[in-house]
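**Student:** Before I ask anything, let me first share the structure, which is written out below as structure tokens.
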Amino acid sequence: MSKIAEAFKNGKAFIPFITCGDPDLETTAAVVRAAVANGASLIELGIPFSDPTAEGPVIQGANLRALNGGVTTDKVFDLVRELRTDVTVPMVFMTYANVVFSYGAEKFISTCAEIGIDGLILPDLPFEEKDEFLPICHQYDVDLISLIAPTSENRIAMIAKEAEGFIYLVSSLGVTGVRSEIKTDLESIVKVIRENTTTPCAIGFGISTPEQAAKMAAISDGAIVGSAIIKFLEKHGKDAPSYVGEYVKSMADAIQI
């Protein structure tokens, strides 16, 4: 069983996204620990990239702050090594194909396995090109996590059948960011996913309130939140961990319906 499956075995999963190194790596470590202590089931760690095409202005800003602060992929690997001394929940990286290519795909993925990263999300990697990384991921037992978007349409079943770890269901068209309302017909997409795989499915993009999280968790296996958490880091900097902890607790409690 994929270690990621553990995040979904005790009910609905709450998955926070945190950009590594915003405002610094020490704060990232404290935020991860606060999130886990308050009910996060799985942690998504963003490796900063200069051109994060799937991200809205909030997470773009976090990427730039982290890069300007001198964060590198190697420093993020060291952060995970340190976190793994006591953090036991599954952790995945979310970054861009170019970050993996430029580091060297085998070197990057084998290091993920060595430090305890359970999966990899590459939002700019088309499903049809995943064989670029999939054999290496399989070699090192790192799940390559598939994204399904409202535009996937007749490809939903195909992607679902081959999915591993969990499926990241994108709630809305466009980039990440807080939305006041999510109007996509997600239930019909989840139905197709369920007909084609037993791999858990969590919904992300645009979720910021406990009400939204509960609504998304009611039709899937969990909720993913990024921009709303990054806003705490933007506003409170090094003091953000306690605020993030409170927020994660409110979200994790809301989805256990």
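**Student:** In the stretch 93-116, how many are of a type in the set (A, V, I, L, M, F, W, C), touching a residue at least 12 places away in the same chain (Cβ under 8 Å) and within 16 Å of Pro52 (Cβ to Cβ)? If you could, list the steps in order and put the result at the bottom.
**Tutor:** Going residue by residue through the stretch 93-116, those that are of a type in the set (A, V, I, L, M, F, W, C) are 93-94, 97, 99-101, 105, 108-109, 112-113, 115.
If we keep only those that are touching a residue at least 12 places away in the same chain (Cβ under 8 Å) as well, we get 93-94, 97, 99-100, 105, 108-109, 112-113, 115.
If we keep only those that are within 16 Å of Pro52 (Cβ to Cβ) too, we end up with 93-94, 97, 99-100.
Here the count works out to 5.
**Student:** On to the next question. Under the condition of being closer than 30 Å to Thr85 by Cβ and small (Gly, Ala, Ser), which residue from the stretch 116-164 is surrounded by the most Cβ atoms within 10 Å (Cβ to Cβ)?
**Tutor:** Per the criteria, the residue is Gly119.
**Student:** Six or more apart or on different chains, Cβ under 6 Å: which pairs go from a residue in the stretch 193-211 that's β-branched (Val, Ile, Thr) to one that's part of a loop (DSSP other than H, G, I, E, B)? Could you list them?
**Tutor:** Once the first residue is β-branched (Val, Ile, Thr) and sits in the stretch 193-211, its partners that are part of a loop (DSSP other than H, G, I, E, B) give Thr197/Ala163; Thr199/Ala163; Ile203/Ser171; Ile203/Ser220.
**Student:** Within the stretch 48-74, track down each residue that is touching a helix residue (DSSP H, G or I) at 6+ places or on another chain (Cβ under 6 Å) and within 9 Å of Gly21 (Cβ to Cβ). I'd like the intermediate steps shown before the answer.
**Tutor:** Step one: of the stretch 48-74, the residues touching a helix residue (DSSP H, G or I) at 6+ places or on another chain (Cβ under 6 Å) are 48-49, 52, 58-59, 62, 73.
The answer is Pro48, Ala62.
**Student:** Just to verify a result, which residue in the stretch 53-63, among those that are touching a residue at least 12 places away in the same chain (Cβ under 8 Å) and part of a helix (DSSP H, G or I), is surrounded by the fewest Cβ atoms within 10 Å (Cβ to Cβ)?
**Tutor:** Step one: of the stretch 53-63, the residues touching a residue at least 12 places away in the same chain (Cβ under 8 Å) are 53-59, 61-63.
So of that shortlist, the ones also part of a helix (DSSP H, G or I) come out as 57-59, 61-63.
Numbers: Pro57: 11, Val58: 20, Ile59: 25, Gly61: 18, Ala62: 28, Asn63: 25.
Going through the qualifying residues, I end up with Pro57.
**Student:** How many residues are in a helix (DSSP H, G or I), within 15 Å of the chain's Cα centre (by Cα) and more than 14 Å from Ile230 (Cβ to Cβ) when one looks only at the stretch 9-43?
**Tutor:** 1
**Student:** If we keep just the residues of the stretch 7-57 that are at pLDDT below 95 and in contact with a Pro (Cβ under 8 Å, 6 or more places away or on another chain), which is farthest from Ser171 (Cα to Cα)?
**Tutor:** Thr53
**Student:** For residues that are part of a helix (DSSP H, G or I) and over 14 Å from Ser172 (Cβ atoms), tally how many sit in the stretch 218-238. Lay out the reasoning, then the answer.
**Tutor:** From the stretch 218-238, those part of a helix (DSSP H, G or I) are 218-219, 227-238; that's our starting set.
After this cut, where a residue has to be over 14 Å from Ser172 (Cβ atoms) as well, the list is 218-219, 228-238.
Residues that pass the stated criteria total 13.
**Student:** Return a yes/no flag: does the stretch 224-235 have any residue that is more than 17 Å from Thr28 (Cα to Cα), of a type in the set (Lys, Arg) and surrounded by fewer than 18 Cβ atoms within 10 Å (Cβ to Cβ). Full working, then the answer.
**Tutor:** First pass over the stretch 224-235, keeping only residues more than 17 Å from Thr28 (Cα to Cα): 224.
Filter once more, keeping what is of a type in the set (Lys, Arg): none.
The answer is no; no qualifying residue exists.
**Student:** From Ile167, Ile203, Ile189, which residue is in contact with a helix residue (DSSP H, G or I) (Cβ under 7 Å, 6 or more places away or on another chain), crowded, with 23+ Cβ neighbours inside 10 Å and at pLDDT below 95?
**Tutor:** Numbers: Ile167 fails: at pLDDT below 95; Ile203 fails: at pLDDT below 95.
One residue alone meets the criteria, Ile189.
The values are calculated or read from the model by the stated rules, or taken from the named source; none is laboratory data. Bear in mind the structure is a predicted one, so any value in this text is a computation, not a measurement. Every residue, glycine among them, receives a Cβ derived from its backbone with ideal geometry; neighbour counts consider all protein chains shown.
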